[in-house]
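The values are calculated or read from the model by the stated rules, or taken from the named source; none is laboratory data. Remember, it's a predicted structure, so these values are computed and weren't measured experimentally. When we count neighbours, we look across all protein chains shown, and the Cβ atoms used for this are built from the backbone with ideal geometry, even at glycine. Note: accessible area is taken over every heavy atom of the protein model, side chains too, but ligands, DNA and RNA are not part of it. Shrake-Rupley method; radii C 1.70, N 1.55, O 1.52, S 1.80 Å.
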Amino acid sequence: MSRIRYSAFLPLVALAVSFATSVFAAQPVAGANLPAVDFRKPAQSSGWRAVHDLAALQPTPAGLRAEITGADPYFHGPAMDFPEAMPLWLRLRLKSSAGGICQIFYFQKNSTEEKSLRFSVPRGEWHEARLRLPALGRGWHLRIDPPGQDGDCVFESLQFEERIILQSPAWPQPTRPKLGAGPVRLKSGGLELVHSRNALDGFEVQVDGQLMACGNNAALLGYVRNGRPRWIPFGRGTNVPVSVRSAQPGGSLTVEAAFTDHDAGHWKVTRTFTPTPDGNISVLARVVVDADRDVLYLPMFTLLPGLGSFGTNKTQALFAGVEYLENEPSSSTADLNAPASDRQVPDTLKLTLPLMVVSAADRYVGLTWKHDPG
């Protein structure tokens with residue numbers, strides 16, 4: 001079982017969040033008649049040939065050894081056939097004495113940059129890369145450019161797997177939560193959380209009395225089963241027990257929900273809200289499940305600015321490193337064309353700071369976090 005854990009720190013008058021969850025890496029989906037090469041077996045590596053800035057490739061018990069003799073080393077493999085219309089994963093396991101960038105070209109006649117993939121390889125360690133390939137078909141070759149300009153690189157194995165392209169569900173439309181009678185209130189400076197007593201995401205966030213954000217009462221949980229996505233309501237439903245417990249005045253608020261997925265997996269969600277001395281609210285969210293699950297989408301904690309109040313109107317909004325907005329929609333084509341303009345799920349490598357903030361009605365609400373691998 002693997003764990004992902006986040007802890008959080010926040011600027012003044014904002015909302016902090018930390019996550020802890022148990023998830024499992026997605027298992028490969030086997031495809032029919034997909035090529036595979038075990039370079040440790042000379043019969044399987046015999047069709048691979050050094051082309052440029054490499055000595056002759058040498059079969060070894062550890063794999064196919066490529067000795068680099070110049071600045072632009074690469075070698076070619078034999079033609080391979082793939083099923084039509086099947087997107088692929090490529091897995092390559094290798095060890096480089098120099099480390100650096102490895103590049104793989106896929107081609108039928110001539111290699112081009114447009115049909116190539118790059119990945120980083122650590123120095124002196126076995127490394128397995130998993131790369132996306134489009135559907136190919138019959139008669140495709142690979143060109144492999146080992147990292148570095150000297151030293152050697154040993155290739156142990158090359159495998160292909162079917163890549164299932166997962167489609168987004170029909171996302172339900174969230175609404176302003178119904179707080180019901182006697183909601184629980186947690187205040188920290190000018191920031192206040194108002195939480196329903198019977199709903200996991202039934203809460204509002206107010207700043208100096210102004211409604212600024214709500215929870216997502218239409219959240220979905222996605223996981224993969226037998227290579228196909230499964231979507232279920234996250235922590236809500238007629239048979240989902242929810243408990244909301246508050247500590248002494250000025251203490252924490254704990255919200256718990258338990259539910260069952262389509263494959264008899266039992267989930268438990270726990271969120272603890274705690275006011276901090278600097279006028280913020282820290283949120284610790286934990287999710288556990290009693291069966292192995294390949295998680296596709298897990299909404300540990302969602303904050304929807306403007307829902308039920310200022311809507312899409314805002315003074316400014318920032319997702320550090322990804323997007324800065326004035327009073328305009330996100331994922332617009334003002335500066336980028338599709339698909340680059342679709343910034344709903346950006347690569348985390350593009351984040352310069354773990355920070356999101358929206359300003360409206362002379363107030364702001366923000367979210368920041370710190371990744372803790374422990």
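Descriptive notes on the structure:
- Of THR276, SER120, GLY148, farthest towards positive along the dipole that unit charges on Lys, Arg, Asp, Glu beta carbons give the chain: THR276
- Apportionment of accessible area to carbon and sulfur, the range 141-195, percent (1.4 Å): 47
- Close amide H partners of LYS41, meaning residues 5 or more places away or on another chain with modelled amide H under 5 Å apart, do not exist here.
- Extension gain, THR254 to TRP171: 0.36 nm times the residue separation minus the Cα-Cα distance gives 27.2 nm.
- Gain upon complete extension [THR312, THR60; 0.36 nm per residue less C-alpha separation]: 84.5 nm
- The residues of the chain expose on average 51 square angstrom of accessible surface per residue, using a 1.4 Å probe on protein heavy atoms.
- With every protein chain in place, the range 240-312: carbon and sulfur % of accessible area (1.4 Å): 54
- The GNM of the chain, with springs linking C-alpha atoms under 10 angstrom apart, assigns the highest mean-square fluctuation among VAL242, VAL288, VAL37 to VAL37.
- Comparing mean-square fluctuations of ALA135, ALA43, ALA98 from a GNM of the chain with C-alpha springs under 10 Å, the top value falls on ALA43.
- Measuring between their Cα centroids, the range 261-317 and the range 95-112 lie 41 Å from each other.
- GNM top mover of MET86, MET300, MET212 - the chain, alpha-carbon springs below 10 Å: MET86
- Two-site label geometry, GLN210 and ASP362: point separation in nm, points 7 Å out along Cα→Cβ: 0.7
- Equivalent ellipsoid dimensions for the chain as semi-axes, Å, which come from the Cα gyration tensor, largest first: 49, 23, 20
- Inter-probe distance in nm under a simple model that places probes 7 Å from Cα toward Cβ, at THR352 and LEU336: 1.4
- Binned Cα-Cα distance frequencies in the range 110-163 - 5 Å width, integer %: 4, 12, 26, 26, 19, 10, 4, 0
- Length released on extending from SER120 to SER243, taking residue separation times 0.36 nm less the Cα-Cα span: 39.6 nm
- LEU221 long-range amide H proximity, modeled H, under 5 Å: ILE232, PHE234
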